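The values are calculated or read from the model by the stated rules, or taken from the named source; none is laboratory data. None of the values given here were measured: they were computed from a predicted structure. Cβ placement follows ideal geometry from the backbone for every residue including glycine, while neighbour counts extend to all protein chains displayed.
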Amino acid sequence: MPDALLPSDRVWITGAGGLIGSWLVRTHVPGKVGRIPVGWLRSSLELTDFAAVAQRFASDRPVAIVHAAALSKSPACQADPALARRLNVEVTRHLVQLAEGIPFVFYSTDLVFDGSRGNYTEADRVNPLSIYAETKVEAEQIVLRHPRALVLRTSLNYGTSPTGDRAFNEEMAAAWRAGRTLSLFEDEFRCPIPAVETAQATWDLLSAGATGLLHLAGRERLSRWEIGQRVASRHADLQPRLTSSSLKTYTGAPRSPDTSLDSSRAESLLGRRLPALSEWIAAER
């Protein structure tokens, strides 16, 4: 008779239909953190149904939770702050309460900083400029009270998602397919990273017992304009059209000019350098 899988063989992954969540499922190595990755979609478990989540948690008794689900589109958060707080803060609070005694990983964002100088370390003071970033800061504070929690602040993630519209590069490609010209800031900077690298680093850090707050982003500081050029090089068939613009003439909602992250602490724990997006895309080609 085959051995039955014990409930403690499972590791929960929320947001499995998204970009990072789907890569977490795909890159999970059995035995590193649990044997069975349980990737939750909204259609299979509604995280705002706290009673249903608690009941399923009691049944599965996972060995860890990696929480990748979020309302991550800033315009959607700005349009409905109550929903943003429900999904990004209250859901996180409930999962942290359930995860007492087991590791809990939470993804935050470089946008917790106002971008006034860049190259931020984990010790730098946060100053969010958007509802999305505010909810992430509040959730970070909740999660970091958990003794076995790991908060990973990441940046723009590059890759392919199950629905084809979750990664920034997928959004760019969709615009070019529709014949649109993208206007990208030449003076707004991020540290983009491939989602597969984010996922693999997460498993390695979790396996090593890392806790606390870490920055997990690419080692290359790129402007939005430079990022667009890198992505365009992968889509010559779409005849990509780009124009550069500047925050100096921008009149919309507040934006963070430079949220580049110093990820040296994570690299030290991983024992390897995180990739530069330019090199990664060139190698992928």
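Here is how the numbers come out for the structure above:
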read-out	value
Every residue from the range 58-78 that is buried (at least 18 other Cβ atoms within 10 Å of the Cβ) and either more than 17 Å from the chain's Cα centre (by Cα) or among the polar types (S, T, N, Q) (or both)	62, 63, 64, 72, 74
Single match in 86, 125, 117 (criterion: surrounded by fewer than 20 Cβ atoms within 10 Å (Cβ to Cβ), more than 17 Å from the chain's Cα centre (by Cα), among the basic types (Lys, Arg) and under 16 Å from residue 212 (Cα atoms))	125
Test: residue in the range 117-128 that is assigned to a loop (DSSP other than H, G, I, E, B) and in contact with a Ser or Thr (Cβ under 6 Å, 6 or more places away or on another chain)	yes
Pair list, Cβ under 9 Å, 6 or more apart: the range 1-20 residue under 13 Å from residue 195 (Cβ atoms), other residue of a type in the set (A, V, I, L, M) and modelled with pLDDT under 50	none
Candidate set from the range 226-255 (those that are over 24 Å from residue 281 (Cβ atoms) and hydroxyl-bearing (Ser, Thr, Tyr)); member that is surrounded by the fewest Cβ atoms within 10 Å (Cβ to Cβ)	251
Verdict on residue 145 being among the basic types (Lys, Arg), closer than 30 Å to residue 102 by Cβ and either touching a strand residue (DSSP E or B) at 6+ places or on another chain (Cβ under 6 Å) or buried (at least 20 other Cβ atoms within 10 Å of the Cβ) (or both)	no
Hits in the range 91-114 (condition: without any contact (Cβ under 8 Å) to a residue 24 or more places away in the chain and either buried (at least 18 other Cβ atoms within 10 Å of the Cβ) or not in a helix (DSSP H, G or I) (or both))	none
Residues (assigned to a loop (DSSP other than H, G, I, E, B) and of a type in the set (Lys, Arg)) located in the range 210-229	219, 221
Single unsatisfied condition, residue 205 versus (1) in contact with a strand residue (DSSP E or B) (Cβ under 7 Å, 6 or more places away or on another chain); (2) assigned to a loop (DSSP other than H, G, I, E, B)	(2)
